[in-house]
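Each remark here refers to the structure printed beneath this line.
The values are calculated or read from the model by the stated rules, or taken from the named source; none is laboratory data. As the structure is a computational prediction, the values presented were derived from the model and not from experiment. Note that each Cβ is placed from the backbone with ideal geometry, even for glycine, and that neighbours are counted across all protein chains shown.
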Amino acid sequence: MFFVNKRKIKMKIRTKFIFLACRLLPFTLYLIPYTLHSQFIIIPAINNATCSYDSNGSISVSVSGGAIPYTYLWSPGGEASSSVTGLVPGTYEVTITDNAGIDSTVSYAVGPSPVVNDTAGKITLPLCTNNGSILLSVSGGTLSYQYAWSNGSPNVGITQLTAGDYSVVVTDGNNCMATFNFFLPEKKCFVNPEPYFTPNGDGINDTWLIANSGYFPDARVIIFNRWGAKVYDRKGTYESWDGKSYLGVPVPDAVYYYFFYQDKEDKQKAAKNGSVTILR
């Protein structure tokens, strides 16, 4: 069963605030030091090896930045100092680590001092026997230069060379040595006889000339007339034929036939054969 009371009732509502106070307790504050890491500054000092085959190069590094002290590790070699010595030309690495464990690896090249080289050397091939030559044009290294040729010459160039192999050792002011090798090929020598001569006693073209014959001291020259009779036979260094026979009598004007042998003992080495005409 329900019933309804229609009377009005007045009510008051109050809000109560309660504040709680905190009590401060004692505590300890720990401060951890931190170093701000700065970039390494590495300044190298490099001394090249004196010569390409020497082991007297060195590298030294000066380091700043980061947290000291530093440790060093070189490669190759494994050295643990700020400098290494006794180096041959080549590339070397060093790893630098600071006290905070930060590392940096750099590489440096140790080279030889400027090397001696031969540029624009002049070579003249021997035409027939010993008229070849080699002239050096040396640069690089350290002045002054000394020369030691395989034939004993101390000069910058050598002359009167035959075909063959030659070498020279060049030493510069640092006593660095460089060796240069040369090969002079054999250049075939040809004689060149004149086609005619006029042995009339006027002092002009009175003898028969054979160019380059003087390069063959063991030569033999034989001359025949048109009927195959021998009129001239010379062994050894050729002396210009004056148009006379064995008996010293002038031969008639005509065409004659010759054989020039490089070696008087070997008739198979005929360097030249042909004809020569006498005109008076």
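Can you confirm whether D172 is modelled with pLDDT of 90 or more and acidic (D, E)? In short, yes.
Y257 meets all of the listed conditions (1) under 30 Å from A163 (Cβ atoms); (2) part of a strand (DSSP E or B) but one, namely (1). If you go through region 157-182 and pick out every residue that is more than 15 Å from the chain's Cα centre (by Cα) and either in contact (Cβ under 8 Å) with a residue 60 or more places away in the chain or not assigned by TED's automatic domain parsing to the domain that holds P126 (or both), you end up with 2. Region 87-129 holds strands (runs of 3 or more DSSP E) entirely within its bounds, and those carrying 1 or more residues that are surrounded by 17 or more Cβ atoms within 10 Å (Cβ to Cβ) map to 90-97, 103-110. Within region 105-122, the set of residues being within 14 Å of the chain's Cα centre (by Cα) and modelled with pLDDT of 80 or more comprises P112, P114, V116, N117.
Once region 58-79 is narrowed to residues that are touching a Ser or Thr at 6+ places or on another chain (Cβ under 6 Å) and in a loop (DSSP other than H, G, I, E, B), the residue that is farthest from G101 (Cα to Cα) is G65.
Can you say whether T179 is surrounded by 12 or more Cβ atoms within 10 Å (Cβ to Cβ) and hydroxyl-bearing (S, T, Y), as far as the supplied structure shows? Taking the combined requirement at face value, the residue does not satisfy it.
Hey, does region 186-203 have a residue that's touching a Pro at 6+ places or on another chain (Cβ under 9 Å), farther than 22 Å from I123 by Cβ and not assigned by TED's automatic domain parsing to the domain that holds Y53?
Applying the first criterion (touching a Pro at 6+ places or on another chain (Cβ under 9 Å)) to region 186-203 yields 186-187, 189, 199.
Then keep just the ones that are farther than 22 Å from I123 by Cβ; that gives 199.
Now narrow it down to the ones that are not assigned by TED's automatic domain parsing to the domain that holds Y53: 199.
Yes, region 186-203 contains a residue that is touching a Pro at 6+ places or on another chain (Cβ under 9 Å), farther than 22 Å from I123 by Cβ and not assigned by TED's automatic domain parsing to the domain that holds Y53.
Restricting attention to region 60-78 and to residues that are under 22 Å from N47 (Cβ atoms) and loosely packed, with under 12 Cβ neighbours inside 10 Å, the residue that is nearest to the chain's Cα centre (by Cα) turns out to be P76.
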